[in-house]
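Visitor: Following this message is one structure expressed as structure tokens.
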Amino acid sequence: MHWEIDKNKPIAAQICEKVSTLIALGEYRAGEKIASVRETALAAGVNPNTVQRSFEELERQGIIYSVRGSGWFVANQTDIAKEVLDSRIIEKTAEYLEDMKALGLGFAAIKKIIEEWEE
Amino acid sequence: MSELIRLESLYKSYGKKPALFNVNLSLESGKIVGLLGPNGSGKTTLIKILNGLLTASSGTVLFEGEPIGVNSKSKIAYLPDNIYLNTWMTVRQIVSFFADFYADFRTELAYEMLYKLDISPDQKLKTLSKGNKEKVCLILTMSINAKLYVLDEPIAGVDPAARDYVISTIINNYNPDASVLISTHLIADIEQVLDEVIFIKNGSIVLHKSVDEVREENGVSVDEHFREVFKW
């Protein structure tokens, strides 16, 4: 798994986002065990305490759960992770549209750019 | 999580020159803490006081609630910013020297880390490159079974690839009962493994916060924030 950490933003939030996205995309399946805190910390090159905090936050959101002594698992329902992903997609799209509007483009022009972008 | 270190109104001066000015600090166990400051800001003085190598001019220094002494010295592993080992010794000899000196030195762990870095135990220290000597020193320090690891500039002399190794060594050896205090000015290389940062300027602590708080409040990396705080 490739980790890209942006040092300008809180790291815990980035780890939450990444794990949640992997679950929403089905890379991690419902009920499956995910990489441990230490493995994730080593892979991402970040502090284990930060990863621990992220996992606890994801648990609070109902996206993963912990089993004492055996690690962290994807919840049986992955719809929360999917909802998180959906709202991120909407957020990013809105951001993009705002930026394009600020550059003086109307909706039709934006659509045209996206279509031409395809190949 | 318990308090490992407590400093209260700590002052230190070298003759008339003040080096530390009213330092108050509390460090908990289970944290990786960056001690960041420009050259001559008092980082090494502070570290040497924690190790009992210097005594404060006034103020309180407590380790697990007790003054610095025999107990604290066996529980604090210190990596100085210069190489202090006898260079005529082989790596193997130094490992057994450390095993002799520290009651619960983790010899196997030391050899494991040496092997991973491709450093032969039968090499004499003086035949190693500067970077490899530094790695040996770090491995020895991290193999001590300590409560507090104090690393003074652990990454200054090693190449960027080895820096990643140094960082993963620190993460790998992380244990919730112990803390790691890392002094450096190479912040960008190390900030993602930190829990907390301490900024020290002209002998005073100007900031002590969790790194994610710094990023959240300022919207920039710790490195970037450091450049703002220490702008001149």
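None of the figures in this text is laboratory data; all of them are computed from the coordinates on show. Remember, predicted model here, so these are calculated numbers, not experimental data. Cβ: placed from backbone, ideal geometry, glycine included. Neighbour counts: every protein chain shown.
Visitor: Rounded to a whole number of µm²/s, how large is the Stokes-Einstein D of the stretch B:3-229 at 4 °C and 1.567 mPa s, given Rh as the Kirkwood radius over C-alpha pairs? Provide the component values of the computation, followed by the final result.
Guide: Values: Rh = 18.1 Å.
Answer from the Stokes-Einstein relation: 71 µm²/s.
Visitor: Continuing with this model, one more query. Quick check of the Kirkwood formula: for the stretch B:1-75, what is the inverse mean of 1/r over all pairs of different Cα atoms, in Å? List each step's numbers first, then the result.
Guide: Values: mean 1/r = 0.0778 Å⁻¹.
With all distinct Cα pairs of the stretch B:1-75 included, I get 12.9 Å.
Visitor: Per-residue HN-Hα couplings for the stretch B:193-208, Karplus 6.51 cos²θ - 1.76 cosθ + 1.60 at θ = phi - 60°, whole Hz, x for Gly and Pro?
Guide: Result, rounded to whole Hz: 9, 7, 8, 10, 10, 10, 9, 10, 9, 6, x, 10, 7, 9, 7, 8.
Visitor: Another question about this same structure. Roughly how big is the protein assembly as shown's charge dipole about its Cα centre, with Cβ charges of +1 (Lys, Arg) and -1 (Asp, Glu), in debye to the nearest 20?
Guide: Values: 39 positive and 49 negative charges, 321 e Å.
Magnitude of the dipole: close to 1540 debye.
Visitor: Strictly over 23 Å apart at the Cα level, which of B:Lys17/B:Lys201; B:Lys43/B:Lys75; A:Lys9/B:Lys209; B:Lys147/B:Lys231; A:Lys82/B:Lys31; A:Lys9/B:Lys135 would you flag in this model?
Guide: Checking Cα-Cα distances, B:Lys147/B:Lys231; A:Lys82/B:Lys31; A:Lys9/B:Lys135 exceed 23 Å.
Visitor: Now for a different question. For B:Lys16, give me every one of the aspartates and glutamates with a C-alpha distance below 19 angstrom, ignoring sequence neighbours fewer than eight places off in its own chain.
Guide: The qualifying aspartates and glutamates are none; the list is empty.
Visitor: Output wanted: per-residue J couplings in Hz (rounded whole) for the stretch B:133-142, from phi through Karplus 6.51 cos²θ - 1.76 cosθ + 1.60, θ = phi - 60°, x for Gly and Pro.
Guide: The phi angles translate into 4, 5, 5, 4, 4, 5, 4, 4, 5, 6 Hz.
Visitor: While we're here: Can you give me the long-range amide H partners of B:Ala77? Hydrogens built in the peptide plane at 1.01 Å from N, cutoff under 5 Å, separation of 5 or more residues or another chain.
Guide: HN-HN under 5 Å from B:Ala77: B:Lys147, B:Leu148, B:Tyr149, B:Val150.
Visitor: Counting pairs of alpha carbon atoms under 8 Å apart in space and at least six apart in sequence, what relative contact order in percent does the stretch B:3-229 give? Intermediate results must be reported in sequence, preceding the final value.
Guide: Details: 408 pairs, mean separation 62.7, N = 227.
The value is 28 percent.
Visitor: Related question: Separation of the stretch A:1-71 and the stretch B:165-232 by C-alpha centroid, Å?
Guide: Comparing the Cα centres of the stretch A:1-71 and the stretch B:165-232, I get a distance of 22 Å.
Visitor: Now, a different point. Putting +1 on Lys and Arg Cβ atoms and -1 on Asp and Glu Cβ atoms, find which of A:Ser20, A:Ala108, A:Tyr65 reaches farthest to the positive end of the dipole of chain A.
Guide: It is A:Tyr65.
Visitor: Using only the Cα atoms of chain A, what are the Rg and Dmax in Å?
Guide: Every Cα atom of chain A included, Rg and Dmax give 17.5, 56 Å.
Visitor: How far apart, in nm, are the 7 Å Cα→Cβ label points at B:Lys130 and B:Lys209?
Guide: Reported label-point gap for B:Lys130 and B:Lys209 is 3.5 nm.
Visitor: Same structure, new question: How high is the relative contact order of chain A, in percent, counting Cα pairs under 8 Å that sit 6 or more residues apart?
Guide: On the way: 105 pairs, mean separation 31.1, N = 119.
Relative contact order for chain A comes out at 26 percent.
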